[in-house]
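S.K.: Got a structure for you, questions after.
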Amino acid sequence: MKIKLSGNLARFVDYQRELDIELPGELTVNAAIEQLVNAYPGLHDVIYDKQGDIKKGYLIAYNGKKLEPNQRDQPVNAQGCIDLFTAVAGG
Amino acid sequence: MSERPVRVMRPMDPMLFDPLQFHTRYLLLLSKSCMWSWFYERTGISFPGLVRKHHQGLVAVECDVEYVRPFGLFDSDEFCVSVERVRARQGNSVLELFHEFSAQGQVFAKVRMLWRMLELDGDQALTGAPGVLRDSVLQRLEPCEIDPSRELRQVEVLRTQVEGEGEKIGEGHYPFTLYRHLCEVADQWSFLEVPGLASAGRERLIDALEQDPFKLRATLGRPLGQVLVKISCPFYLFEEGEVKTTAFSVHGRLVFVHRVINLTRMSTLAAVVIETFQD
């Protein structure tokens, strides 16, 4: 499946705009993002808070539809696309 | 305690001007630079210190630029940029700064900025969430600099008025991609560039005109009088966008309204810019 990241995260994934993630089996949105972070460990502290949850500063969409935090356990498929948007960053 | 203005003298430089007036983006750039002078001189906090020690950042949410009187490159040898006053507004979640640009004792432009306070997570991407001024920062403000009331947002008020009372006389689209020359340290668009994207949309609309019954082309020779900017959504490196520009005649007065759309982010409205011209 594909995962697209906000541009401010690009430097943690070698500036790739779109990433192909292998799905080892049936995965949820949360699990697919974990797969991504396993592949690019530099993302871990950027995306997850100290409790291991995705930080509130991120918006996640699956196939173009925004997901609330409690909807991120829905299954994804190999043709799907997750967008991980940074809600705001301080500069 | 009274206000604590900070004033910085700057030399005249042709890069600051277009053929008609002071570039809007440089008014904003110098305003922000002067804001950090104010912070450092009046509170002892620098931008790196705000991020590292206080885990705070801020993002621009509204800019109001008013060209008060004509001012050109050869009108002075130097000019002054100032922070006249600072207010923590709306439960300390917004900073409001009032800037003036003057030369030889006369103000030629005013800038009002609204900054939304962020609480940063401390990661390298400067990820944040909207928050309030932490006590460690707030205690360095004077009582007169804290105003709990809600600040005035001008853009939506004017946009509603223009679209309600005005006659639509032209429309255009300007597609763009956000590359790094338009970004700040978080690979996020710099608020300075938003008026420039809007004016590019206006100029593209005018340049594409085959007929010009409303004499829009003549506005290329008229200086802007006011530029209002509202930023409502971030824009990051490589994201695709579009400026949708609409020209209105409002009681005989020309107004351009620009909607900046983030196409990559589910076509979210990212900013609104309203331009009017000097009489």
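The values are calculated or read from the model by the stated rules, or taken from the named source; none is laboratory data. Note that the structure is a prediction, hence the values are computed from the model and not measured. Glycine gets a Cβ as well: all are built from the backbone with ideal geometry, and neighbour counts include every protein chain shown.
S.K.: Of the residues in the range B:104-119, how many are assigned to a strand (DSSP E or B), touching a Ser or Thr at 6+ places or on another chain (Cβ under 7 Å) and farther than 19 Å from B:Glu62 by Cα?
M.R.: Total meeting the criteria: 1.
S.K.: Considering only residues that are facing chain B (nearest Cβ under 10 Å) and assigned to a loop (DSSP other than H, G, I, E, B), look in the range A:2-15 and name the one that is surrounded by the most Cβ atoms within 10 Å (Cβ to Cβ).
M.R.: From the range A:2-15, those facing chain B (nearest Cβ under 10 Å) are A:4-12, A:15; that's our starting set.
Filter once more, keeping what is assigned to a loop (DSSP other than H, G, I, E, B): A:6, A:15.
On the way: A:Ser6: 27, A:Tyr15: 10.
Only one residue tops the list, namely A:Ser6.
Residues are listed down the side, and each one gets a yes or a no for (1) crowded, with 17+ Cβ neighbours inside 10 Å; (2) over 30 Å from B:Phe22 (Cα atoms):
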| residue | (1), (2) |
| --- | --- |
| B:Leu97 | yes, no |
| B:Val111 | yes, no |
| B:Gly128 | yes, yes |
| B:Ile146 | no, yes |
| B:Val162 | yes, no |
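S.K.: List the residue pairs whose Cβ atoms are under 7 Å apart, where the first residue sits in the range B:257-278 and is within 12 Å of chain A (Cβ to nearest Cβ) and surrounded by fewer than 21 Cβ atoms within 10 Å (Cβ to Cβ), the second is among the small types (Gly, Ala, Ser) and not in a strand (DSSP E or B), and the two are 6 or more positions apart or on different chains.
M.R.: From the range B:257-278, the pairs are B:Met266/A:Gly64.
S.K.: How many residues are among the polar types (S, T, N, Q) and part of a strand (DSSP E or B) when one looks only at the range A:16-29?
M.R.: 1
S.K.: Of the conditions (1) of a type in the set (A, V, I, L, M, F, W, C); (2) over 24 Å from B:Leu28 (Cα atoms); (3) within 14 Å of chain A (Cβ to nearest Cβ), B:Ala186 clears all except one; give me its number.
M.R.: Every condition holds for B:Ala186 apart from (2).
S.K.: Taking into account only those residues within the range B:122-133 that are part of a loop (DSSP other than H, G, I, E, B) and at pLDDT below 95, which is nearest to B:Arg89 (Cα to Cα)?
M.R.: Here is the first cut: in the range B:122-133, the ones part of a loop (DSSP other than H, G, I, E, B) are B:122-126, B:131-133.
Filter once more, keeping what is at pLDDT below 95: B:122-126, B:131.
Numbers: B:Gly122: 25, B:Asp123: 27, B:Gln124: 29, B:Ala125: 27, B:Leu126: 23, B:Gly131: 12 Å.
Within the range B:122-133, the match that is nearest to B:Arg89 (Cα to Cα) is B:Gly131.
S.K.: If we scan the range B:64-73, do we find a residue that is part of a loop (DSSP other than H, G, I, E, B), touching a residue at least 12 places away in the same chain (Cβ under 8 Å) and aromatic (Phe, Trp, Tyr)?
M.R.: yes
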